[in-house]
Amino acid sequence: MTPPPSNLDTHKLYKDGKELTMTIVIQNEIPFFPQIAEQIQEKLTALGVTTHIVALPISEIKKSLQNPEF
């Protein structure tokens, strides 16, 4: 097994040499969703996953789900 390159941050997870990142999409009309998303983000960060939170109206989320690259 080949060791990872020495220039990688040991506190982050990587896949195929790229930093593992995730976008958490939440519905902005629900007042408590940001708090839940931030708690999830904290847990994922502790595991080494870089996350971004995006709050959108439900109509935008539904449109985005129609896009296979979403």
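The values are calculated or read from the model by the stated rules, or taken from the named source; none is laboratory data. In this text, all values refer to a predicted model and were calculated from it rather than measured experimentally. With ideal geometry, Cβ positions are generated from the backbone for all residues, glycine too; neighbour counts draw on all protein chains shown. To get the accessible areas, we keep the full protein, side chains included, count just its heavy atoms, and leave off ligands, DNA and RNA. Shrake-Rupley method; radii C 1.70, N 1.55, O 1.52, S 1.80 Å.
Structure values in brief
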{"quantity": "Subset of segment 13-70 (residues that are part of a strand (DSSP E or B) and within 12 Å of the chain's Cα centre (by Cα))", "calculated": "Glu19, Thr21, Met22, Thr23, Ile24, Val25, Ile26, Thr50, Thr51, His52, Ile53, Val54"}
{"quantity": "Pro68 vs. criteria open to solvent by less than 60 Å² (accessible area, probe 1.4 Å) and either touching a Gly at 6+ places or on another chain (Cβ under 6 Å) or of a type outside the set (Lys, Arg) (or both)", "calculated": "no"}
{"quantity": "Pairs, first under 12 Å from Leu56 (Cβ atoms) in segment 21-35, second modelled with pLDDT under 95, C-beta under 7 Å, six or more apart", "calculated": "Val25/Ile61; Gln27/Ile61"}
{"quantity": "Selection status of Ala55, open to solvent by less than 60 Å² (accessible area, probe 1.4 Å) and touching a helix residue (DSSP H, G or I) at 6+ places or on another chain (Cβ under 9 Å)", "calculated": "yes"}
{"quantity": "Check on Glu42, of a type in the set (Asp, Glu), open to solvent by 50 Å² or more (accessible area, probe 1.4 Å) and modelled with pLDDT of 95 or more", "calculated": "yes"}
{"quantity": "Single residue of Thr21, Thr10, Thr50 found to be in contact with a His (Cβ under 8 Å, 6 or more places away or on another chain) and of a type in the set (Ser, Thr, Tyr)", "calculated": "Thr21"}
{"quantity": "Which numbered condition Gly48 fails, given (1) small (Gly, Ala, Ser); (2) touching a residue at least 24 places away in the same chain (Cβ under 8 Å); (3) on the phi < 0 side of the Ramachandran plot", "calculated": "(3)"}
{"quantity": "Residue match in segment 8-30 (condition: modelled with pLDDT under 95, open to solvent by less than 100 Å² (accessible area, probe 1.4 Å) and on the phi > 0 side of the Ramachandran plot)", "calculated": "yes"}
